[in-house]
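Colleague: I'd like to ask you about the structure that follows.
Quick note: the coordinates plus some simple rules give every number you see, no bench work behind them. Since this is a predicted model, take the numbers as computed values, not measurements. Neighbour counts run over all protein chains shown; Cβ positions are idealised from the backbone, glycine included.
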Amino acid sequence: MCTKIIYKIVLISAVFIVVSCVKAKDLKNEQPITKTISDYYEPYRPQFHFSPQEKWMNDPNGLVYYKGVYHLFYQYYPEDIVWGPMHWGHAVSKDLISWNHKSIALYPDEHGLIFSGSAVVDADNTSGFGTKENPPLVAIFTYHLMEGEKAGRKDFQTQGIAYSIDNGDTWTKYKENPVIGNQGIKDFRDPKVFWHEDSERWIMALVAGDHAKFYSSTDLKDWKYLSDFGKDKGAHGGVWECPDLFRLKVEGTNEEKWVLLISINPGAPNGGSGTQYFIGDFDGKTFTAEHDDIKWLDYGADNYAGVTYNNTPNDERIFIGWMSNWNYARDTPTKKWRSAMTLPRQLLLAKENDSYFLRNVVLEAFTKYSTLALKEDSIDLKEKFTVEYQNFNESEITFKANLSKNLKLEFKNNSSESLLLTIDPSQKEIILDKRKSGIVDFEERFADKVHTMLYNPSDKEVAVRIILDWSSVEIFINNGRYVMTEQIFPHEFYNSLEISSIDQTKLNKFNINAIKTIW
């Protein structure tokens, strides 16, 4: 099959336009994996996912929108590329895709390291930290006292707050921290706070080992315990972390439900770290789940500790996750920096056959960074379809297909490495095989098996969206109902895509988009 590709490659000092109409074996990879323009072109550096300039990063923290700015705080260790004493790093964006780095927001102090938490706009100045005319941003976070942990105590995690009156540029810690002490719970952390209109109070969700706890406050300083949730619900293969409670309308209706996100490590469906969610009701004091089955936000191995933004325009529920897994987060093959975030996603609540589920949808702002590189209105898979492209690792592939039919997509490079996505309706499984995807031996659990998720292979055409960056792949099927996020580390860019089907199915509206760097 002959495929025509028109693609512009920008290197340091020249612009080349490549027009090809060749068989797969004839096209060479024109672009090396290592560029030299800046540090953001070192091997495996994501080109359109957030990553720190250098050193270690993990959980997203303090996600809040204020005065036209989306704030991303994150767990950060500025001295090494492995986990260490935690700070809050800081970046800002106008569109949640392109980011500007800011100075470190919060440093450890006498109460401990600065672990995960959230931030709110105190619009009515209930805390008294600002004024009605200039409301403060208030950060709520976990203190982790290493000396207490090393001494064998269980009360070494407490909750503290800090405030900013210059839209997050500088922060002042509350002089009477901590605002919530510890009654001897070993894992007592990750406060997520929001304003609850019905009760006119601030509500805090945090986790305590194997369950969640809820608190309320009128001023963000004095907190009252409300209730527990989860000791007998959900997955319990590991410690619960990073809760997030919010209300969503069911798509196309006026019905509202409450959603509770809970990250868990270990115990995810494909090993290690993952995020489950519950759908139910919150009455201002108690959360009640309306189902007994375990629901997962993402079936890939590399979407963890994600939470959503407070104070967004139009109350959109926008989610960002840490794109890694504690099984191997400290071992991934990067040199100057370690870890990236997922693409931001809007979470939508859908209902089908009396069952509720969340959809992950990439933000519309992402389309501003894409340029059409190849378009095929229809591809008949009576025979294998192969397309050659200089760099699939900065691209987006979209199409529509009937997933009651078998389908395989295999990305390959000149180093005999491959990433294989299989839709298998006979087993009702979507399967991602990265065992030969590149560097996989830095930790035995990274690619020791294929990763799978169950799906409903109904006889209808659905949308498929695959987004590849230098060291990641994010797969969204049926408008984000089925999602997988995974890290990959090929020795060179994938430059060939082979698509086949034993059922000889057809793909419609097949596009390849080039994604430009945000750096």
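Colleague: Do any strands (runs of 3 or more DSSP E) lying entirely in the stretch 160-247 carry at least 3 residues that are closer than 20 Å to Glu290 by Cα, and which ones are they?
Modeller: Output list reads 212-217, 224-229.
Colleague: If you don't mind, there's one more thing I want to ask. Those residues that are surrounded by fewer than 24 Cβ atoms within 10 Å (Cβ to Cβ), under 15 Å from Leu96 (Cα atoms) and of a type outside the set (Val, Ile, Thr), I need them from the stretch 53-77; list them, please.
Modeller: Scanning the stretch 53-77 gives Tyr65, Tyr66, Lys67, Gly68, Tyr70, Leu72.
Colleague: Follow-up. I need the full set of residues from the stretch 433-443 which are assigned to a loop (DSSP other than H, G, I, E, B) and within 23 Å of the chain's Cα centre (by Cα), in order please.
Modeller: Lys434, Arg435, Ser437, Gly438, Ile439, Val440, Phe442, Glu443
Colleague: Can you tell me how many residues in the stretch 110-148 are in contact with a Lys or Arg (Cβ under 7 Å, 6 or more places away or on another chain), farther than 16 Å from Tyr65 by Cα and not in a loop (DSSP other than H, G, I, E, B)?
Modeller: 3
Colleague: Spot the failing condition for Glu410; the list is (1) more than 20 Å from Asn479 (Cα to Cα); (2) without any contact (Cβ under 8 Å) to a residue 40 or more places away in the chain; (3) touching a strand residue (DSSP E or B) at 6+ places or on another chain (Cβ under 7 Å), and only one is missed.
Modeller: (2)
Colleague: Being of a type in the set (Lys, Arg) and in contact (Cβ under 8 Å) with a residue 40 or more places away in the chain is the filter here, so list the residues in the stretch 435-448 that pass it.
Modeller: Result: Arg445, single match.
Colleague: Can you say whether Thr218 is surrounded by fewer than 19 Cβ atoms within 10 Å (Cβ to Cβ), more than 21 Å from the chain's Cα centre (by Cα), under 16 Å from Lys192 (Cα atoms) and touching a residue at least 24 places away in the same chain (Cβ under 8 Å), as far as the supplied structure shows? Steps first, answer last, please.
Modeller: Numbers: surrounded by fewer than 19 Cβ atoms within 10 Å (Cβ to Cβ): yes; more than 21 Å from the chain's Cα centre (by Cα): yes; under 16 Å from Lys192 (Cα atoms): yes; touching a residue at least 24 places away in the same chain (Cβ under 8 Å): yes.
It is true that Thr218 is surrounded by fewer than 19 Cβ atoms within 10 Å (Cβ to Cβ), more than 21 Å from the chain's Cα centre (by Cα), under 16 Å from Lys192 (Cα atoms) and touching a residue at least 24 places away in the same chain (Cβ under 8 Å).
Colleague: Let me ask you something else. Touching a strand residue (DSSP E or B) at 6+ places or on another chain (Cβ under 9 Å) and closer than 21 Å to His49 by Cβ: which single residue out of Glu461, Glu474 fits that description?
Modeller: None of the other options fit; the residue is Glu474.
Colleague: Can you work out which of the residues in the stretch 252-287 that are free of Cβ contacts under 8 Å to residues at least 24 places away in the same chain and in a strand (DSSP E or B) is surrounded by the most Cβ atoms within 10 Å (Cβ to Cβ)?
Modeller: That would be Gly280.
Colleague: Is it true that some residue in the stretch 308-321 is in contact with a strand residue (DSSP E or B) (Cβ under 9 Å, 6 or more places away or on another chain), over 22 Å from Ser98 (Cβ atoms) and of a type in the set (Gly, Ala, Ser)?
Modeller: no
Colleague: Then there's this: Taking the conditions exactly as written (in a loop (DSSP other than H, G, I, E, B) and surrounded by 17 or more Cβ atoms within 10 Å (Cβ to Cβ)), does Ile104 satisfy them or not?
Modeller: No.
Colleague: Go through (1) within 26 Å of Tyr328 (Cβ to Cβ); (2) in contact with a Ser or Thr (Cβ under 8 Å, 6 or more places away or on another chain); (3) free of Cβ contacts under 8 Å to residues at least 40 places away in the same chain; (4) not hydroxyl-bearing (Ser, Thr, Tyr) for Asn100 and report which single condition fails.
Modeller: Failed condition: (1).
Colleague: Please pick out the residue among Gly252, Gly237, Gly272, Gly284 that is under 16 Å from the mean Cα position of the chain (by Cα) and farther than 19 Å from Phe319 by Cβ.
Modeller: After ruling out the rest, the residue left standing is Gly272.
Colleague: Given Ile423, Ile466, Ile430, which one is over 22 Å from the mean Cα position of the chain (by Cα), part of a strand (DSSP E or B) and surrounded by 19 or more Cβ atoms within 10 Å (Cβ to Cβ)?
Modeller: Values: Ile466 fails: over 22 Å from the mean Cα position of the chain (by Cα); Ile430 fails: over 22 Å from the mean Cα position of the chain (by Cα).
Being over 22 Å from the mean Cα position of the chain (by Cα), part of a strand (DSSP E or B) and surrounded by 19 or more Cβ atoms within 10 Å (Cβ to Cβ) holds for just one of Ile423, Ile466, Ile430, which is Ile423.
Colleague: Got a sec? Which strands (runs of 3 or more DSSP E) wholly within the stretch 304-386 have at least 1 residues that are within 19 Å of Pro60 (Cβ to Cβ) and either within 17 Å of the chain's Cα centre (by Cα) or among the hydroxyl-bearing types (Ser, Thr, Tyr) (or both)? Lay out the reasoning, then the answer.
Modeller: On the way: elements: 304-308, 318-322, 345-352, 355-362, 370-380.
Strands (runs of 3 or more DSSP E) meeting the threshold: 304-308, 318-322, 345-352, 355-362.
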